[in-house]
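Q: Quick one: this structure, given as structure tokens, is what I'll be asking you about.
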Amino acid sequence: MPHARVNGVNLFYEETGQGLPLIFVHEFAGDSASWHLQVRCFSRRYRTITYNARGYPPSDVPEDPRAYSQDQAVDDIVGVLDHLGIAKAHVCGLSMGGYASLHFGLRYPQRALSITVAGAGYGSVPAERDKFRKDSGEVARRFEADGMAKVAEFYTKGPTRVQFMDKDPRGWKEFYDQFAAQSAKGHARTMRGVQMSRPSVYELEAGLETLEVPTLIVTGDEDDPCLEPGIFMKRKIRSSALVVLPKSGHTINLEEPEAFNRALLDFLTAVDAGRWPLRNPLSQTGSAILPPPGKT
């Protein structure tokens, strides 16, 4: 069972296929296996890499709460790439992994062929920050008090998960079983150290405005906590495109795998061909009709 050692922590990983490297970074309620429908598709053209975050066995579950943070989540991507001898890669993440992918692009742009930020932004809206932290703290407490199985009963049926359950009961059950089998300690520490403590997307505005790494933003139209942050990222990142999947919730790579894979493949193909330009500044004049002064 292959592991990469990153800052004293062993991270389980798998790689499949050949070609340019494409690393997938999983969400809070998933693990490396959450990307199986993407690996089957993209390993035909890419060297696909998946790994389990710290706190997600068979990766290590560090006891020290300080081992879990947004910065560390980014460094874990770097550590896996370094272990595999990869200088640059396409990086695709969902939710918690989407945040890590975004921060990777901001901190290590020289190592990113592209970034895909999917289902990211929950807890960013300023008016909802306090409730987000309160709810996250309660879920962390429930992991420790009740265990994974009991938390899975409500977490996998949340407001942005019911879309998956309605569309694909069998796929949702696989997602549920996978989540329920994970580490309660790892999830409690990840919730407190990464989820609760990460900055809002809106706090990253200055960095987003200078980001030129090719960026794809993907969200479901019924993933309410991520819709406004997705639009904000699109407006601030000159190298970005926004894809909104209709009648879809949060677990979009599994809920709508064909649409997700098509959007990602089209994006990667354009980037690899050198056909992903920055946004034309003439599209942002402050008017819905008029060009900038002097251009009429």
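Q: Would the range 106-115 turn up any residue that is under 16 Å from THR219 (Cα atoms) and either surrounded by 15 or more Cβ atoms within 10 Å (Cβ to Cβ) or among the acidic types (Asp, Glu) (or both)? Explain how you work it out, then say what you get.
A: At the first step, the residues of the range 106-115 found to be under 16 Å from THR219 (Cα atoms) are 115.
Next, only the ones that are either surrounded by 15 or more Cβ atoms within 10 Å (Cβ to Cβ) or among the acidic types (Asp, Glu) (or both) stay: 115.
Yes, the range 106-115 contains a residue that is under 16 Å from THR219 (Cα atoms) and either surrounded by 15 or more Cβ atoms within 10 Å (Cβ to Cβ) or among the acidic types (Asp, Glu) (or both).
Q: Then there's this: Restricting the range 168-184 to residues that are out of contact with any Lys or Arg (no Cβ under 8 Å at 6 or more places or on another chain) and over 13 Å from PHE28 (Cα atoms), which is surrounded by the fewest Cβ atoms within 10 Å (Cβ to Cβ)?
A: Across the range 168-184, the extreme among qualifying residues is ARG170.
Q: Go through (1) exposed (fewer than 14 other Cβ atoms within 10 Å of the Cβ); (2) more than 27 Å from LEU22 (Cβ to Cβ) for TYR155 and report which single condition fails.
A: Of everything listed in (1) exposed (fewer than 14 other Cβ atoms within 10 Å of the Cβ); (2) more than 27 Å from LEU22 (Cβ to Cβ), TYR155 misses just condition (1).
Q: Out of the residues in the range 245-268 meeting the condition of being of a type in the set (Asp, Glu) and within 16 Å of the chain's Cα centre (by Cα), tell me which one is surrounded by the most Cβ atoms within 10 Å (Cβ to Cβ).
A: As a first pass, look at the range 245-268 and keep what is of a type in the set (Asp, Glu): 255-256, 258, 266.
Among the residues that remain, those that are also within 16 Å of the chain's Cα centre (by Cα) are: 255-256.
On the way: GLU255: 27, GLU256: 23.
Top of the filtered list is GLU255.
Q: Tell me, please, whether a residue that is of a type in the set (Lys, Arg), within 17 Å of the chain's Cα centre (by Cα) and closer than 20 Å to LEU106 by Cα can be found in the range 230-237.
A: Looking only at the range 230-237, we keep the residues that are of a type in the set (Lys, Arg), and these are 234-236.
Applying the additional criterion that residues be within 17 Å of the chain's Cα centre (by Cα) yields 234.
Of the ones still in play, those that are also closer than 20 Å to LEU106 by Cα are 234.
Yes: the range 230-237 contains one or more residues that are of a type in the set (Lys, Arg), within 17 Å of the chain's Cα centre (by Cα) and closer than 20 Å to LEU106 by Cα.
Q: Considering every residue within the range 238-251, establish whether at least one is farther than 26 Å from VAL139 by Cα, part of a loop (DSSP other than H, G, I, E, B) and among the basic types (Lys, Arg).
A: yes
Q: Report yes if some residue within the range 77-90 is closer than 25 Å to MET196 by Cβ, in contact with a helix residue (DSSP H, G or I) (Cβ under 8 Å, 6 or more places away or on another chain) and part of a helix (DSSP H, G or I); otherwise report no. Step through it out loud before you land on a result.
A: Taking the range 77-90 and keeping what is closer than 25 Å to MET196 by Cβ, we get 77-80.
Next, only the ones that are in contact with a helix residue (DSSP H, G or I) (Cβ under 8 Å, 6 or more places away or on another chain) stay: 77-78.
Now narrow it down to the ones that are part of a helix (DSSP H, G or I): 77-78.
Yes, that holds for at least one residue.
Q: Within the set of pairs 6+ apart or on separate chains, which have a first residue in the range 269-284 that is exposed (fewer than 10 other Cβ atoms within 10 Å of the Cβ), a second that is assigned to a loop (DSSP other than H, G, I, E, B), and C-beta atoms under 7 Å apart?
A: Taking only residues 6 or more apart or on different chains, the pairs are LEU282/PRO291; LEU282/PRO292.
Q: Hey, could you check the range 97-139 for residues that are among the β-branched types (Val, Ile, Thr) and either closer than 17 Å to THR160 by Cβ or over 19 Å from the mean Cα position of the chain (by Cα) (or both) and say which is modelled with the lowest pLDDT? Break it down into steps so the answer makes sense when it comes.
A: Our first condition is that a residue be among the β-branched types (Val, Ile, Thr); within the range 97-139, this holds for 115-117, 125, 139.
So of that shortlist, the ones also either closer than 17 Å to THR160 by Cβ or over 19 Å from the mean Cα position of the chain (by Cα) (or both) come out as 117, 125, 139.
Details: VAL117: 98, VAL125: 86, VAL139: 96.
Restricting to residues being among the β-branched types (Val, Ile, Thr) and either closer than 17 Å to THR160 by Cβ or over 19 Å from the mean Cα position of the chain (by Cα) (or both), the top hit is VAL125.
Q: Quick one: which residue in THR210, THR190 is of a type in the set (S, T, N, Q), surrounded by fewer than 16 Cβ atoms within 10 Å (Cβ to Cβ) and out of contact with any helix residue (DSSP H, G or I) (no Cβ under 6 Å at 6 or more places or on another chain)?
A: Values: THR190 fails: surrounded by fewer than 16 Cβ atoms within 10 Å (Cβ to Cβ).
Among THR210, THR190, only THR210 is of a type in the set (S, T, N, Q), surrounded by fewer than 16 Cβ atoms within 10 Å (Cβ to Cβ) and out of contact with any helix residue (DSSP H, G or I) (no Cβ under 6 Å at 6 or more places or on another chain).
The values are calculated or read from the model by the stated rules, or taken from the named source; none is laboratory data. Everything numeric here is computed off the predicted structure, so don't read it as measured data. Ideal geometry is used to build each Cβ from the backbone, glycine not excepted, and the neighbour counts take in all protein chains shown.
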